[in-house]
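For reference, the structure is listed below as C-alpha cells.
The values are calculated or read from the model by the stated rules, or taken from the named source; none is laboratory data. What you see is a predicted model; the values in this text were computed from it and never measured. Reconstructed Cβ throughout: ideal geometry from the backbone, glycine too, with neighbour counts over all protein chains shown. The accessibility values were calculated without ligands, DNA or RNA, using every heavy atom of the protein model including side chains. Shrake-Rupley method; radii C 1.70, N 1.55, O 1.52, S 1.80 Å.
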Amino acid sequence: MTAENKTFSAGLEGVIACATQLSHVDGTAGRLTYRGQKTVDLATTRSVEEVWYLLRHGRFPTPAELFAFTDEVEDLGALSADEYKLVKRLAGTEPMSGFRTALSAIAAHRGYTSWLNRDPAETYDEVAALASLAPAIVETLYTRRRPRLKSSNTGYAERYLWGLVGEQPSPQAVAAVSAYMILTMDHGLNASTFSARVTCSTGADAGASLTTAIGTLSGPLHGGAPGPVLDMLDAIGTADKADAWIAGQLKAKRRLMGFGHRVYKTEDPRAAKLREVARQLNSPRVELATKVEQSALAALQAHQDAKSKAEGKPGRALRTNVEFWTAAVLEYVGIPRTHFSTTFCASRIMGWSEHIREQMEGNKLFRPLSLYTGPAVEWDAPVEAPPAPQPVQ
Ligand code: ACO
C-alpha cells in the first residue's frame, strides 16, 4: 500500500531500519553470524563473556583480557544492600514483570539520566552495569535470598544457573546454558532490540532503553514462547497423540508455539544447534519433542499448502524456531519453566547493550510515518496570505 509515494509495510516487514555491525541474520540461507563469526560454532567453543566481548570490541579477548572481563562482569553483577531490598519486594510477581520492574527501579535508584549532551561512554557503562545484574536480579526474585559470590571468576552462565538451581551446577549443564545464551545473545533487529534502539534514539537513559526491551521480549510471539512449548508437550503427553493434538490446534486456528519466524524462510540455525545440545544431554523430552516437531512441521506444511492453493499465492514457510528446543534444554538443566523468558532476557540483554551503544554512536531519532485511514476532512480553500509587515520608516 502506498500514500504520498511512501510504501506501507505492516509490522515493518522487509524494512531496513538501522545499520549494525553486530549480527547478521540471513533468513533465506538460515545463517546467523556475530561480527563475522558463525554463531553456531561460537555456541560450543566460546564462553558467554568471550562472545559478549566480541560483540563489544569486534575481536575475541586475550586470556588476560577474558579473565579481567569475567571479573568485571561479576563485580558489576552484585546488588547493593538497598538494591537487594528493592528487588526482594518484587519476589513472587510474574518473573518478566518482576525483572522489568526491578531493573527499572535500580536504574532510578542509581539516578541514571539522559545520555544527550554527555559522553555516551558513560551511559554505555551504566547499560553494561545494569545488564550484568541480570543473574542476581533473577536469583533474588526467585529465591528471595541475597546472592552471594559463587566463587572467584565464575562465568555469567554458571552464576545464572547456580542462582536458580540453588547449588553448583554440573559442567555439562553450564555448557548447555552457555550454548543457549550465546545462540540467543543477538539477532539483528528483532522486536525487543528495535524497541531498545527506538527508546535510546530519543536520548532516554540506560534504564529506560533496557526496560522497554524487556517489556517487548515478554510477549509470547517473541521471547515468551518456550514455557508454552513445554505446556504443549505436557498437553500432548505421548508421541502417539501428537498428530491429533496438533491437527486440533490448527483447526481451532491456534498457533503452535516454537514454530514460524518472521525472517527465517528455512530452519532457524539456533533451533538446529539446540536440538543437537538437547540430544547430547539425553534429555528425556527428546523423544516426544522429536515426534511433536515432525508432526507439527508436516501439519503446518499441509496447512500452508491448502491455504496457498485456495488463495493462489505461495504460502509462508513455517519451520522450527529457537524456542522449541530451548524448552527441552532449559528444562533438563533445572530451570523452572516460569523462568525460561528471564533466561532469554539474561542473554539478550548483552545484545541490547551493544545495540544501545551503536545507537548512541550514530544516533538518528526513529520517527516513521503512519498511513492515515480515518475519515477525510473537507478543507476550506487556502486563505490568501496577509501582506507582509512593512518596515517602520
Ligand atoms: N502456528 C500456526 N500458524 C502460524 C504460526 C504458528 N506457529 N506462525 C505463523 N502462522 C500463520 C499465521 O496464523 C498466519 O496465518 P494467516 O495468514 O492465515 O492469518 C500466517 O502464518 C502468518 O503469520 P504472521 O504472524 O503474520 O507471521 P510472522 O512472520 O509475522 O510471525 C511469529 C512470526 C510471530 C513468530 C509467528 O510465526 C508465531 O506466532 N509463532 C508462534 C510463536 C513463537 O514461536 N514465537 C517465538 C518466535 S522466535 C523469537 O522471537 C525468538
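For the range 282-302, enumerate the residues that are of a type in the set (A, V, I, L, M) and surrounded by 17 or more Cβ atoms within 10 Å (Cβ to Cβ). Those that are of a type in the set (A, V, I, L, M) and surrounded by 17 or more Cβ atoms within 10 Å (Cβ to Cβ): 286, 288, 289, 292, 296, 297, 299, 300.
Among the residues of the range 285-293, are any farther than 30 Å from residue 122 by Cβ and without any contact (Cβ under 8 Å) to a residue 24 or more places away in the chain? Checked the range 285-293: at least one residue is farther than 30 Å from residue 122 by Cβ and without any contact (Cβ under 8 Å) to a residue 24 or more places away in the chain.
Of the residues making up the range 202-226, those that are open to solvent by 10 Å² or more (accessible area, probe 1.4 Å), touching a helix residue (DSSP H, G or I) at 6+ places or on another chain (Cβ under 6 Å) and more than 8 Å from the ligand (Cβ to nearest atom) are 208, 211, 212, 215, 216, 218. Could you tell me whether residue 195 is buried (at least 23 other Cβ atoms within 10 Å of the Cβ), more than 9 Å from the ligand (Cβ to nearest atom) and among the small types (Gly, Ala, Ser)? Spelling it out, it is not the case that residue 195 is buried (at least 23 other Cβ atoms within 10 Å of the Cβ), more than 9 Å from the ligand (Cβ to nearest atom) and among the small types (Gly, Ala, Ser). Which residues, counting only those in the range 265-276, are within 9 Å of the ligand (Cβ to nearest atom) and part of a loop (DSSP other than H, G, I, E, B)? The one that is within 9 Å of the ligand (Cβ to nearest atom) and part of a loop (DSSP other than H, G, I, E, B): 268.
Scan the range 137-163 for residues that are within 19 Å of residue 107 (Cβ to Cβ) and open to solvent by less than 10 Å² (accessible area, probe 1.4 Å) and the total you get is 3.
Filter the range 303-327 down to the residues that are more than 12 Å from the ligand (Cβ to nearest atom) and part of a helix (DSSP H, G or I), then identify the one that is surrounded by the most Cβ atoms within 10 Å (Cβ to Cβ). This residue is 305. Within the set 297, 365, 330, the sole residue that is away from the ligand (no atom under 15 Å from the Cβ) and either in contact with a His (Cβ under 7 Å, 6 or more places away or on another chain) or not charged (D, E, K, R) (or both) turns out to be 365. Among the residues of the range 229-281, just one is hydroxyl-bearing (Ser, Thr, Tyr) and open to solvent by less than 10 Å² (accessible area, probe 1.4 Å), namely 264. Assess whether residue 154 counts as being assigned to a helix (DSSP H, G or I) and among the β-branched types (Val, Ile, Thr). Criteria not met by residue 154.
Only residues that are open to solvent by 60 Å² or more (accessible area, probe 1.4 Å) and touching a residue at least 24 places away in the same chain (Cβ under 8 Å) were counted across the range 36-58, and they come to 2.
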